[in-house]
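The values are calculated or read from the model by the stated rules, or taken from the named source; none is laboratory data. Since the model is a prediction, treat every value here as computed from it, not as a measurement. We place every Cβ from the backbone using ideal geometry, glycine too, and count neighbours over all the protein chains shown. These area figures cover heavy atoms from the full protein model, side chains too; ligands, DNA and RNA do not enter into them. Shrake-Rupley method; radii C 1.70, N 1.55, O 1.52, S 1.80 Å.
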Amino acid sequence: MSSSQQPAAARTMSIEGISLHLAQPMTMGQEWIGNREILKQLLACWLVIDERDLPLSPRITGQPGIGKTTLAMAGARERKQDLYVFQCTADTRPEDLLITPVLAESGTISYHASPLVTAVLTGSICVLDEGNRMNEKSWASLASLLDHRRCVESIITGLLIRAHPEFRCCVTMNEDASTYEVPDYILSRLQPTLGMGFPTREDELAILRYHLPFAPADMLALTVEFLQEAHQLSLEYSVRDGIHLLQYALKRCAQDPAHPLAADAAWRESLIKVLGEEALDLPTQSRKRKRALGDQALPRGLGDFFFESDDPLHPGR
């Protein structure tokens with residue numbers, strides 16, 4: 001941190017005469033359950049092994065609801081650092097990522113640092129959550145922070161903010177269709193890629209028990225069996241879906257103590273309400289999904305658009 005970046009008061013910091021209101025860190029009560037290898041990989045990215053070395057800013061990829069943000073939270077706990085999470089969206093602007101001017105009650109302008117800038121200033125960890133929902137203009141404002149320069153410029157305040165030596169960052173990215181294409185010059189700065197898959201049966205059961213320790217064993221077993229079958233059929237139901245499914249079923253069972261709903265009936269109703277009627281028949285849903293995606297291989301060249309593979313006029317023959 002430069003000499004001009006000195007703490008002023010609680011949750012504020014003065015930089016070159018400009019007072020910044022800092023964001024609040026997240027509370028981290030969750031434990032990491034499951035594959036510890038990927039946690040070790042994340043922590044390795046954040047190591048600095050020489051005074052000339054720099055930490056890496058990895059991207060954590062996977063389906064929604066499998067614990068990408070929880071992994072980053074576990075990494076922050078291991079390093080005993082504060083954690084800040086910035087939720088990226090399609091309409092995120094560069095100033096949202098950095099410093100936002102706010103009209104105070106006195107009529108003056110106050111400047112509020114984003115969770116990212118707060119982490120940069122205080123030597124904390126920031127997760128850019130669902131980063132591939134953000135547009136290129138916003139990513140461009142972070143290019144200098146994510147490479148060897150480790151600094152970011154706020155156009156609104158005119159400040160060049162240099163990262164604290166302990167600042168660390170990672171980006172989570174969902175693997176779905178409702179995302180932007182992240183520019184290559186940004187992807188080259190977000191390395192390595194840590195891919196997360198669905199948890200094993202044992203880990204999935206342990207996660208559900210951790211979040212819902214009061215759930216009966218039979219309902220836990222039903223939920224884990226459903227999730228594991230969905231994973232085998234390449235359907236994108238996650239442990240988060242399982243938690244919501246169980247929560248609603250348990251609430252329905254407890255709703256009327258005088259006439260309690262049977263556990264299997266409550267679970268089935270919850271499955272429909274939380275995940276839709278198509279979740280009642282996973283094999284059929286899987287077949288429909290495969291047909292929608294198409295079982296044919298994608299064309300490999302321009303000739304494939306005009307000729308069948310066995311056509312003598314095909315340029316590849």
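Look through the stretch 259-282, keep the residues that are open to solvent by 50 Å² or more (accessible area, probe 1.4 Å) and in contact (Cβ under 8 Å) with a residue 24 or more places away in the chain, and return whichever of them is farthest from LEU205 (Cα to Cα).
LYS273
With respect to THR92, is the statement that it is part of a helix (DSSP H, G or I), of a type in the set (Ser, Thr, Tyr), under 18 Å from the mean Cα position of the chain (by Cα) and surrounded by 15 or more Cβ atoms within 10 Å (Cβ to Cβ) true?
Values: part of a helix (DSSP H, G or I): no; of a type in the set (Ser, Thr, Tyr): yes; under 18 Å from the mean Cα position of the chain (by Cα): yes; surrounded by 15 or more Cβ atoms within 10 Å (Cβ to Cβ): yes.
So THR92 fails the test.
If you take the residues in the stretch 234-258 that are touching a residue at least 12 places away in the same chain (Cβ under 8 Å) and among the charged types (D, E, K, R), which one is surrounded by the most Cβ atoms within 10 Å (Cβ to Cβ)?
Of the residues in the stretch 234-258, the ones touching a residue at least 12 places away in the same chain (Cβ under 8 Å) are 234-250, 252-253.
Within this subset, residues satisfying the condition of being among the charged types (D, E, K, R) are 236, 240-241, 252.
Values: GLU236: 15, ARG240: 16, ASP241: 20, ARG252: 18.
Going through the qualifying residues, I end up with ASP241.
From the set of residues in the stretch 121-141 that are part of a helix (DSSP H, G or I) and either among the basic types (Lys, Arg) or over 24 Å from GLY67 (Cα atoms) (or both), which is most open to solvent (accessible area, probe 1.4 Å)? Can you show your working first?
Going residue by residue through the stretch 121-141, those that are part of a helix (DSSP H, G or I) are 121-122, 131-133, 136-140.
Right, trim to either among the basic types (Lys, Arg) or over 24 Å from GLY67 (Cα atoms) (or both) and you get 121-122, 133, 136-138, 140.
On the way: LEU121: 0, THR122: 50, ARG133: 49, GLU136: 106, LYS137: 149, SER138: 0, ALA140: 49 Å².
Once the filter is applied, the top-ranked residue is LYS137.
Which of the residues that make up the stretch 73-89 are part of a strand (DSSP E or B) and open to solvent by 60 Å² or more (accessible area, probe 1.4 Å)? Talk me through it step by step, then tell me what you get.
Taking the stretch 73-89 first, the residues part of a strand (DSSP E or B) are 83-87.
Result: GLN87, single match.
Here is a list of conditions, (1) part of a strand (DSSP E or B); (2) free of Cβ contacts under 8 Å to residues at least 60 places away in the same chain, and CYS170 meets all of them except one; can you say which number that is?
(2)
Which of the residues spanning the stretch 142-159 are surrounded by 14 or more Cβ atoms within 10 Å (Cβ to Cβ), out of contact with any Ser or Thr (no Cβ under 8 Å at 6 or more places or on another chain) and either assigned to a strand (DSSP E or B) or not charged (D, E, K, R) (or both)?
LEU142, ALA143, SER144, LEU145, SER154, THR157, LEU159
Under the condition of being touching a residue at least 40 places away in the same chain (Cβ under 8 Å), part of a helix (DSSP H, G or I) and closer than 20 Å to ALA265 by Cα, which residue from the stretch 198-224 is nearest to the chain's Cα centre (by Cα)? Working first, answer last.
Step one: list which residues in the stretch 198-224 are touching a residue at least 40 places away in the same chain (Cβ under 8 Å), which gives 198-200, 203, 206-207, 210, 216, 218-219, 222-223.
Filter once more, keeping what is part of a helix (DSSP H, G or I): 203, 206-207, 210, 218-219, 222-223.
So of that shortlist, the ones also closer than 20 Å to ALA265 by Cα come out as 218-219, 222-223.
Numbers: ASP218: 31, MET219: 28, LEU222: 27, THR223: 24 Å.
Restricting to residues being touching a residue at least 40 places away in the same chain (Cβ under 8 Å), part of a helix (DSSP H, G or I) and closer than 20 Å to ALA265 by Cα, the top hit is THR223.
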